[in-house]
1. Points 7 angstrom from Cα along the Cβ direction at ALA258 and ARG175: gap in nanometres?
2. Please state the shape class of the range 337-408: rounded when a/c is under 1.5, otherwise prolate if a/b exceeds b/c and oblate if not, all from the C-alpha gyration tensor.
3. What's the center-to-center distance, using Cα atoms, between the range 344-399 and the range 263-341 in Å?
4. Given points 7 Å out from each Cα along the Cα-Cβ axis, report the GLN297 to ILE251 separation in nanometres with one decimal.
5. Show that you can apply the helix-only estimate: for the chain, add -39,500 (n - 2.57) for every DSSP H stretch of four or more residues, divide by all residues, and state [θ] at 222 nm to the nearest 500.
6. Where both residues lie in the chain, what percent of DSSP beta bridges are antiparallel, nearest 5?
7. Given R₀ = 56 Å, what would the calculated FRET efficiency be for ALA326 paired with ASN225, taking r from the Cβ atoms and rounding to 0.05?
8. Hey, can you grab everything whose amide H is under 5 Å from the amide H of ALA278? Only 5+ residues off in sequence or another chain; H modelled, so Pro and N-termini drop out.
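Every read-out reported here was derived from the displayed coordinates using simple, explicitly stated rules and does not represent laboratory data. Here the structure is a predicted model, which is why all the values come from computation and not from measurement. Cβ coordinates were reconstructed from backbone atoms using ideal geometry, including for glycine residues, and neighbour counts include every protein chain displayed.
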Amino acid sequence: MPGARDLHRGRLMRRIVVVGASLAGVHAAEALRERDYDGELTLVSAEARLPYDRPPISKELLLGTMESEQLLLRPESWYHERGVELRLGAAARGLDPAARTIALADGSELAYDGLILATGSTARRLPAVPDGPTVHVLRDLDHALALRPALQPGKHLVVIGGGFIGLEVAGVARRLGLDVTLVENSPIPLVRAFGSDTGDWYRRLHERNGVQFVHECAIDSIGTNRGGTVLGLSDGSAITGDIVVAGIGSIPSIDWLAGSGVALSGGVLCTPDLATSAPGVVAAGDIARWHNPIFGQEMRVEHWSNAVDQGRHAAATLLGDRSPFASVPYFWTDQHDTKMRFVGRAAGATDTRVELISDDKLVVTYGRDGVLIGAVCVGAPRQLAKYKVAIQNRVPWEDAAESQLASTV
């Protein structure tokens, strides 16, 4: 008999729907088939494109060293071979957990026995200005394809926001020969995420590469003149740019779940195994908020490796595995000629220590209650691997630091 049994609730699942053709969604579908689920499997996406990888859109795609077809997570044949029905360009608009149905934007409904929520995040935008100039954001492939032709040598790019997207776009634009000004409402970039030591190191990196910073300013107005887009700043000054990109963060794509009864709080609230408050529904990726036993914290993580691992874990949970999702978050960012690798968590850290610093290397560790919880590593991949093991094993901070010191002598 086709399908699989949800061991937690005893329901035979013949129809599983994955909402969100994201990295988490595709890996969830893959894991279902690998676990011998042979019932109906549908992957629903708001985008009309085949599922694709997102990290390169702010780097290689903008640089022109990669084209959109190279971003595909899987070729179209992969879905056919595994019996995955693709519903592209069909955004989910509502969920009825009691009837186990999903309403789609095209007016149709999908019935399910098991459901995986993997709708990812959307770019946070500045308040709309009627008939105002274009302010680019960068979250999906269409955004990148709209921005790329505007990045011409000699143009002036103004980036709003000193987070990862803003800094990556600034670095790409400098490589392409643009003048770049970055407006940030904090004293230094990345300070909220990683503290002043890491933030100051990145500020100096970008300044050495020609990026100009305007710190501790918000955008009060947006307009145009013959010179381009005019941004009025909170200190009374103004900046005029040929292109403006807002990299001011993202928000989980969960609006469509409002009123469904699925518990929400800055994401989809999950039990440690990624099950939601609705029967037969699990969540994965950017939208999932769960208790991570390694850190003893509830968290929501927007990183590539987390999406892969959670997608696969959510699939296992739907098929009856009740083990908690315990992970050490990991991500990377490429800016100018450096690669940052970060492992663990900086949020909640009570102590920070600079272990190594130079123009091309940086190692900063983060601790809480005497235990290592996170590490920034730039130009230090060997240290990163050892820190990950130490965080996984909840090694005391001092022991981890001594071990790292011994490994570099």
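1. It works out to 3.9 nm between the two label points.
2. It is prolate, given that a/c is not under 1.5 and a/b is the larger ratio.
3. About 21 Å separates the Cα centre of the range 344-399 from the one of the range 263-341.
4. A separation of 2.4 nm, rounded to one decimal place.
5. -7000 deg cm²/dmol
6. Counting DSSP beta bridges with both partners in the chain, the antiparallel share is about 60 percent.
7. Efficiency at R0 = 56 Å is approximately 0.55.
8. ALA263
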